[in-house]
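Everything on this sheet refers to the single structure shown next.
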Amino acid sequence: MTNKIFADLDHQIVLATQAGLPLDPQPYHRVAEQLGVEASLIQSRMQQMLDDGRIRRLAAVPNHYKLGYVANGMSVWNVPNETIDELGEKLGALDYVSHCYRRPRYLPEWPYNLFAMVHGMDRDEVREKVSQIATLLGDSDQGHEILFSTKILKKTGMRFKR
C-alpha cells in the first residue's frame, strides 16, 4: 500500500475509534468490518500510530462512579524537583491511582508539584490510600493535601469530524 492509502486508512481508523473501541470480544474485527479491511491491518496501523506518536495510547477508561468509586481525591504533593520523575513513576504504578503528573508550583500560595488522582468507595478509603502514598514517599513528602471531587465533569478528547 502507498503512503497515501495508509494515510487515508489511518484517518478512517481514527474516526472509527475516537469515541472508543467497540465493546466486543474482538474489537479490531468490528472496526475492520466497518472499514472493509482485515483486522490484522487495523492492529498493525494502530500500532504504527502508537509507535510514531500520532496516537498516545490505547486504554480502558472506566467510569469510576458506575463501579462504586464515588470518592475521588486529587492528592497534591510537594516533593523535591530532582526526584519528581522517579516518585511520579512510583505513584502512577499504584493500582488505586488513575493518573499522576507534574504541575508547576505557584509559590508561596501553591507549593505542590506532583498530582495523583486517588479513587475510593468513600473519603475515608481515599484518606487511607493517601496515607499509604505518604509512607511510600517518606522524607520526600514535604507536604500534601487532598482535593475531593464535588461533581462529575464529562471528559472527552479531541474529536475529528467525519
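Readers should treat all values here as calculations from the given coordinates under stated rules, not as data from a laboratory. Keep in mind it's a predicted model, so treat the numbers as computed, not measured. A quick note on method: Cβ atoms are made from the backbone with ideal geometry, for glycine too, and the neighbour counts reach across all protein chains shown.
Evaluating kT/(6 pi eta Rh) at 37 °C and 0.692 mPa s, with the Kirkwood radius of the chain over Cα pairs in the Stokes-Einstein relation, gives 177 µm² s⁻¹. Per residue, the convex hull spanned by the Cα atoms of the range 40-115 measures out at 143 cubic angstrom.
Computed from the alpha carbon atoms alone, the convex hull of the range 3-51 holds 71 Å³ per residue.
Each Cα pair of the range 71-148 feeds into the Kirkwood radius, which the Stokes-Einstein equation turns, at 20 °C and 1.002 mPa s, into a diffusion coefficient of 175 µm²/s. Rounded to the nearest 20 debye, the dipole size of the chain about its Cα centre is 880 debye, using +1 on the Cβ of Lys and Arg and -1 on the Cβ of Asp and Glu. Relative protection proxy for 122-128, 41-47, from highest mean packing down: 41-47, 122-128 (other beta-carbon atoms within 10 angstrom). Here the 3J(HN,Hα) profile of the range 81-92, calculated from phi with Karplus coefficients 6.51, -1.76 and 1.60 at θ = phi - 60°, is 4, 6, 10, 4, 5, 4, 5, x, 4, 5, 5, x Hz, Gly and Pro shown as x.
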